[in-house]
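In what follows, a single structure is set out as structure tokens and then discussed.
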Amino acid sequence: MKKQNPLLEIKDLHVSVEDGIKILNGINLTIHPGEIHVIMGPNGSGKSTLANVLSGRPGYNIDSGEIIFKGQNIINQDPEIRARNGMFLAFQYPMELPGVRTWQFLKASVDAVRLHNKLPELKIKEFDKLLEEKKAIVEMDSELLKRSVNEGFSGGEKKRNEILQLCLLNPIFAMLDETDSGLDIDALQIVAKGVKDFHSNINSVMLVTHYQRILNHLSPNYIHVLIDGKIVKSGDKSLSLELESKGYEWIRETISKKS
């Protein structure tokens, strides 16, 4: 069976911040439709920077390299265009939006993507039916949808709200930046269930995480270890178990011996 064309290709990506400090030092990564790639690594290795740069977040300088998404170099593309074209970023620290009701925010987001794809906006009844279906997956309390976005939400509720957005928008590529951090066992299972539901539509996922535990609920295709802004090792799910037991120092020692 012929493999599909890549959905995302990152080619020799070098990124610095405005004070000139380099964060990413030549990232190369290829993700095909339907794949789950997990990015692991110590604090400060560049994991969140990679997700933010892919989403188009301002504040980063792309010194060299390419980001090819659906066959097009999106280096100069605005974040909202990337989002409408099928990219999604779940934040490590979801923001509160006072005065913006969650229901309105969700409907406006869904309609913006539909209009971009030359589809009509959903009627209120149509949207509410879709919302009921997706909200059940992440076990979201209906009362939270009446509040401002994330205002007064617990940490777990904020993360579930991110996954609710993911399931509603159904992008083709999701970047989940430590979506599992700070979750108790029950909340982790709910979030993982939402990610599995999203992935079941043959969508692709790049999951940034420190912990192996969420991988007990998912079936990643690849684990990548990011150290000092570079992918230094890749493997299957067993690599995450090795990292869980050994930490990252053994990888650093291996790199030192090679150099």
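Just so you know, all these numbers are worked out from the coordinates, no wet-lab data involved. Everything numeric here is computed off the predicted structure, so don't read it as measured data. When we count neighbours, we look across all protein chains shown, and the Cβ atoms used for this are built from the backbone with ideal geometry, even at glycine.
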Exercise for the section: Nearest 5 is fine: what % of DSSP beta bridges in the chain come out antiparallel, could you say? Expected result: 60
Problem - Fully extended contour minus Cα-Cα distance, from Lys146 to Asp228, at 0.36 nm per residue - result: 25.2 nm
Completion exercise
Quarter of the surface of the C-alpha convex hull for the chain, i.e. direction-averaged projected area in nm², equals 15.3
Exercise for the section: Could you check what % of the DSSP bridge pairs in region 107-235 are antiparallel, to the nearest 5? Expected result: 50
Practice task
Grab the other residues whose beta carbon is less than 15 angstrom from that of Gly65, score K and R as +1, D and E as -1, and report the net.
Solution key: -1
Completion exercise
Per the C-alpha gyration tensor (a ≥ b ≥ c, the square roots of its eigenvalues), region 122-175 is rounded if a/c is under 1.5, else prolate if a/b beats b/c, else oblate; here it's oblate
Problem - Relative contact order of the chain, pairs being alpha-carbon contacts under 8 Å that are 6 or more residues apart, as % - result: 26
Fill in the blank from the handout: FRET efficiency for Asn73 and Asn117 from the Cβ-Cβ distance with R0 = 25 Å, rounded to 0.05, comes out at 0.75
Problem - Amide hydrogen neighbours beyond the local backbone of Val205, cut-off 5 Å, H modeled - result: Glu35, Ile36, His37, Ala174
Exercise for the section: Give the shape of region 127-241 as rounded, prolate or oblate, defined through the alpha-carbon gyration tensor: a ≥ b ≥ c are the square roots of its eigenvalues, a/c under 1.5 means rounded, and otherwise the shape is prolate if a/b is larger than b/c and oblate if not. Expected result: prolate
Exercise for the section: For region 150-178 and region 43-87, compute the distance between their C-alpha centroids and round to whole Å. Expected result: 19
Practice task
Go ahead and estimate [θ] at 222 nm for the chain from helices alone: -39,500 (n - 2.57) per DSSP H run with n ≥ 4, summed, over the residue count, rounded to 500.
Solution key: -11000 deg cm²/dmol
Practice task
May I ask for the Rg/Rh ratio of region 60-159, computed from Cα atoms with Rh as the Kirkwood radius, given to two decimals?
Solution key: 1.03
Problem - Three-way shape label, region 19-71, alpha-carbon gyration tensor, a/c 1.5 - result: oblate
